Amino acid sequence: MKKTPSAKKACKKVATPLYKDPKQPVEARVKDLLRRMTLEEKIDQLTQMPIGGDINPNNPGEWRNFSPTYGSILSYCGGTKKRNEFQRLAVETTRLGIPIIWGFDVIHGWRTTFPVSLAQAGSFRPALTEKLSRISALEAWNDGGVNWTFSPMVEVAHDPRWGRVVEGYGEDPLTAQVFTKAAVYGYQGRKAEQLKTPGYIAACLKHFVGYSASEGGRDYAYTDISRRALWEWYLPPFEAGVAAGARTLMSSFNDITGTPAVANYYTQTEVLRNRWGFDGFIVSDWGSVSQLKAQRFSSDPAESAAASVVAGNDMCMSDGYYKNLKALVEDGKLPVKVINKAVERVLRVKFQIGLFEHPYAPEKTKEEVCWLPEYLQAAVETARETIVLLKNEKNTLPLKSQKGKRIALIGPNGDKSLCHIGWWAALARDDEKHAPSLLTKAREFFPDSEIVFEPGCPEPFPASNAETIKKFDPNQLPAAVEAAKSADVILLALGEHGHQSGEYHSRRDICLPPFQDELVDAIRKAAPDKPIIALVTAGRPLAFQEAAKKVDAILYLWQSGYGASQATMEILTGKVNPSAKLAMTFPRTVGQIPVYVNAHHPARFDLHDYQDYPEEDGPWFPFGYGLSYTTFEYAEPVVKKGANGTFKVKVSVTNTGKKAGAETIIWYLHDLEAYYTQPVKRVVSFEKIDLEPGETKVVSLTLTPEMLSYVNEDGQRQLEEGTFEISASEKTSASFTVSL
């Protein structure tokens, strides 16, 4: 007779798998989960797909079906309630219950929008970037359930024609390193355990590596990068981000000197993992594995997938090519250990961010978690620090009282909001409530003045000048001229459309958009003796030298987000003293590109760069340029030798004007002679200080042997004896000798 099991035995609890126990070490949880997975489940963890239309129109593809075993979903913006329904399918209906990581391009804000990254770098206050990244993470998690941002973009860029300069921190590796760390800390926290707390999200350093070196500034183009250039310019910000704890990287679209980045073993494995010890995972950019066919690397989907995963690219974004890996393993063409290593890295990050313990996002209203007063205040605070005063003849600014006077606001960006928000703005609203226009704020700041607005010319079309020209209205210019004639002060709102910079928005000519030069010329002729202030909105440096000669002052607003118009009016009226500097050089003309701060010496002295413009050598506005409403005086630096090969440098800086102001001291180092030739100047540190009128502060710098050394073509640092020169903002300098 068959025995009936005892009630005690029948009710025995099934043991909780080790990988579900948060008290266990992460590595033990990873190994336990991995050994339970089938090959199909492993490959699904290396798959990232959208389940709806992507916010970026340049990402081609149809709506995809959802699979609860996918490793990641990207760009979903259907709200946390629906997101949690999808997540519940993954956690509660699949065999292993592995939660999905939700990724999104949260570049400079989720709903509350901050200045674009290129503008942030010009603040030279990395603490602001850390603060706004923290806010962005909170909004993205609480409102969208996002726990992984494809940010920061840390590419060092020398060509302003490339549309994606707007997303990075400019042309200088050191500046990019500092701001990269700040962004990572803001998203993830400064301590590893913070990342497990809901509201902190995983950062993703992109694009690895050298995408910004695209030939001619054309997006997705070939890049010819020597190993020395790779180590000198392009790798340092990524190394800094890895050191700061960034959990993921995104491989780039570009072909790096013959080997596309997504299939590049040297960068992804030899450098990133073997040298830097990175143990997070790499995700491809949108469709870049399938785009190996267009790059003539391989037309075989299976071969492309294998080449990418073997090189170290763990997760495949959007094209589904990693589905081909299963057959390769089963046929013995690809070792399963390659798949296992990639899956380990993905699972490790999921455990490290606490995804198994906190798979579901809060289900609150937008008003509860977004646009909070402190968030909006941070947007204004950051915008104040990013707007650059490029020109101020005869102290035109700040404007004195305009009571009873007439102000003409002229230009296509005068009544627009999107021009301030810019590219990759996530779920930002470009309306007057959230992003007031210059016109709205002008009426608020000048209540006793008559404000007249005329566009003067068409709003720029983001994709082509031809479309802008089609919008030509012959009545706009005469109306603007009449407004200028009767005005006491003229504000010219010029520059790019909000989507004229960004991915797949390279421009062969970075001048002002169509009709704007003619508008400036007509206004100056109509009002030859009246103050004209240009307010230029853009996501890249623009070359508008001729138009600039016809105005008295220029405020370069960049794309400064929700606080742009408020901050602009505060600076115009003198309530705020501008303090931002340029993080990217402004060329005089397109033909001068590339021109950048850390260029190397030419072979001959005292020769003009171009025969057709001999009087205009050098950039129009160099890196680090920016005016103030006060003046600063630098004393001569004092250099003393310290311990362990260091040198201590001090410089006194005095506010010699009548207004309180902030000054950025940028330390430039010049190695006068070296086996591997060195740049004319190299940024080694910077510090921004606040000074009251008449106040003096001493700024100190410790030059370490690492700062005095340089990298060779293998990335090894070398230090040589010889004479060096240290400069404080190129206002004052001192020489010293290094002996070994």
- Query: When you scan region 510-566, how many residues do you find that are open to solvent by 10 Å² or more (accessible area, probe 1.4 Å) and within 25 Å of Ala428 (Cβ to Cβ)?
  - Reply: 2
- Query: If you take the residues in region 706-722 that are open to solvent by 50 Å² or more (accessible area, probe 1.4 Å) and either within 17 Å of Ser739 (Cα to Cα) or among the aliphatic types (A, V, I, L, M) (or both), which one is farthest from the chain's Cα centre (by Cα)?
  - Reply: Glu721
- region 212-225, residues that are in a helix (DSSP H, G or I) and out of contact with any helix residue (DSSP H, G or I) (no Cβ under 9 Å at 6 or more places or on another chain): Glu215, Gly216
- Message: Out of everything in region 567-590 that is assigned to a loop (DSSP other than H, G, I, E, B) and among the charged types (D, E, K, R), what residue ends up being surrounded by the most Cβ atoms within 10 Å (Cβ to Cβ)?
- Response: Lys581
- Considering only residues of region 114-161 that are among the aromatic types (Phe, Trp, Tyr) and closer than 20 Å to Glu357 by Cα, which is surrounded by the most Cβ atoms within 10 Å (Cβ to Cβ)? Trp148
- Message: Name the residue that is surrounded by the most Cβ atoms within 10 Å (Cβ to Cβ), counting only residues in region 456-480 that are more than 29 Å from the chain's Cα centre (by Cα), assigned to a helix (DSSP H, G or I) and in contact (Cβ under 8 Å) with a residue 24 or more places away in the chain.
- Response: Ala480
- Tally, over region 171-211, of residues that are within 16 Å of Asn264 (Cβ to Cβ) and either among the polar types (S, T, N, Q) or outside any loop (DSSP other than H, G, I, E, B) (or both): 5
- Task: Collect the residues in region 415-455 that are among the aliphatic types (A, V, I, L, M), part of a loop (DSSP other than H, G, I, E, B) and open to solvent by 30 Å² or more (accessible area, probe 1.4 Å), keeping them in residue-number order.
- Result: Leu427
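Of all the residues that make up region 649-671, how many are surrounded by fewer than 16 Cβ atoms within 10 Å (Cβ to Cβ) and more than 12 Å from Ala734 (Cα to Cα)? Steps first, answer last, please.
The first filter runs over region 649-671 and keeps only residues surrounded by fewer than 16 Cβ atoms within 10 Å (Cβ to Cβ), leaving 650, 656, 658-660.
Narrowing the set further to residues that are more than 12 Å from Ala734 (Cα to Cα) leaves 656, 658-660.
So the count comes out to 4.
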- Assess whether Arg228 counts as being open to solvent by 10 Å² or more (accessible area, probe 1.4 Å), touching a helix residue (DSSP H, G or I) at 6+ places or on another chain (Cβ under 9 Å) and either modelled with pLDDT under 95 or not in a strand (DSSP E or B) (or both). no
- Item | Matching residues, region 282-305, being under 20 Å from Thr248 (Cα atoms) and in contact with a helix residue (DSSP H, G or I) (Cβ under 8 Å, 6 or more places away or on another chain) | Ile282, Ser284, Asp285, Ser288, Val289, Ala305
- Please verify whether region 133-144 includes one or more residues that are within 17 Å of Ala202 (Cβ to Cβ) and in a loop (DSSP other than H, G, I, E, B). no
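For (1) open to solvent by 30 Å² or more (accessible area, probe 1.4 Å); (2) touching a strand residue (DSSP E or B) at 6+ places or on another chain (Cβ under 9 Å); (3) not in a loop (DSSP other than H, G, I, E, B), each residue gets a yes or a no:
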residue: Pro594; (1), (2), (3): yes, no, no
residue: Asp609; (1), (2), (3): yes, no, no
residue: Gly624; (1), (2), (3): no, yes, no
residue: Tyr629; (1), (2), (3): yes, yes, no
residue: Asn644; (1), (2), (3): yes, no, no
- Item | Residue list for region 669-686, restricted to those being aromatic (Phe, Trp, Tyr) and at pLDDT below 95 | Tyr675, Tyr676
- Task: Collect the residues in region 71-94 that are open to solvent by less than 70 Å² (accessible area, probe 1.4 Å) and more than 28 Å from the chain's Cα centre (by Cα), keeping them in residue-number order.
- Result: Asn84, Phe86, Gln87, Ala90, Val91, Thr94
- Item | Of residues in region 325-360 being open to solvent by 40 Å² or more (accessible area, probe 1.4 Å) and within 18 Å of Met37 (Cα to Cα), the one farthest from the chain's Cα centre (by Cα) | Glu330
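The values are calculated or read from the model by the stated rules, or taken from the named source; none is laboratory data. Nothing here was measured: the structure is a model prediction, and the numbers come from that model. As a convention, Cβ positions derive from the backbone with ideal geometry for all residues, glycine included, and neighbour counts pool all protein chains shown. All accessible areas refer to the heavy atoms of the entire protein, side chains included, with ligands and DNA or RNA removed. Shrake-Rupley method; radii C 1.70, N 1.55, O 1.52, S 1.80 Å.
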